[in-house]
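Engineer: One structure is given below, represented as structure tokens, and several questions about it will come after.
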Amino acid sequence: MRYSGMLLVSLALSAGTALAADMPPQKPVPAKRFAHPMIQDCHPGHGMGGYGGMMDGHGMMGGYGRDMMGMGLGPRTAMVWSLNLSSEQRGKISKLIEKLKHDNWATMGTIMDDAGVLRDLYHADRRDSVAIDQTYQKIFDLKRKMIKSALDTENEIEDLLTPDQLNQLRDKLHQSPPPYPD
């Protein structure tokens, strides 16, 4: 009896293999593109973290979540990509974002260096509260500079939109929940 059960399993497996050999090859199913719940039809390669956002869950804007490329551009700019933009508008917007990204790399490097200084200050035998405060102030000033640059870039991007596109953007903004807690 023991061997007859094994024989049945063996026959079933053989039959399944024979059936599979007669089947036509299956096409691979393309992966679904991530769709952010607040942003419909986001332009591929852009949107929420589309440039490989570098910030953690709090982002630079203190609540946007994973912001665009870690540069402080949030859902508002990501929503712009869902509009019916001309190729000229897309090109100009891409250039503005790339410029912001380029300009902020050096600042982000300085912030990382200062974070290392801060770590060393905290690990000292006796912590120097004045030096720690000054280092935090330097980091906060650099982050504020990046936030200002991101806001200026968002305004420049929105200046490229037609009045109809601006109305569509405002409608999308009013339909979505705020990106930060009330």
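Engineer: Report, by chain and number, residues whose modeled amide H sits under 5 Å from the one on residue 73, excluding near sequence neighbours (fewer than 5 apart, same chain).
Structural biologist: Result for residue 73 returns 68.
Engineer: Further question: Looking at the square roots a ≥ b ≥ c of the eigenvalues of the Cα gyration tensor of segment 70-136, which shape do they give, rounded for a/c under 1.5, prolate if a/b is larger than b/c, or oblate? Mind showing how you got there, number by number?
Structural biologist: Details: a/c = 5.70, a/b = 3.51, b/c = 1.63.
Here segment 70-136 falls in the prolate category.
Engineer: When 142, 151, 73 are ordered from fewest to most other Cβ atoms inside 10 Å of their Cβ, what list results? Kindly include the intermediate steps, with their values, before the conclusion.
Structural biologist: On the way: 142 17, 151 13, 73 31.
Placing the least packed residue first, the sequence is 151, 142, 73.
Engineer: Quick one: net charge of residue 161's neighbours, Cβ under 15 Å, K/R +1, D/E -1?
Structural biologist: Working: positive: 76, 90, 92, 170, 172; negative: 88, 154, 156, 158, 159, 164, 171.
Neighbourhood net charge equals -2.
Engineer: Further question: Listing 93, 147, 139 from the residue with the fewest other Cβ atoms within 10 Å to the one with the most, what is the order? Don't jump to the answer; show the numbers that get you there.
Structural biologist: Working: 93 22, 147 15, 139 18.
Least to most surrounded, the residues fall as 147, 139, 93.
FYI, it's all coordinate maths here, none of it is from the lab. What you see is a predicted model; the values in this text were computed from it and never measured. Virtual Cβ from ideal backbone geometry, glycine too; neighbours counted across all protein chains shown.
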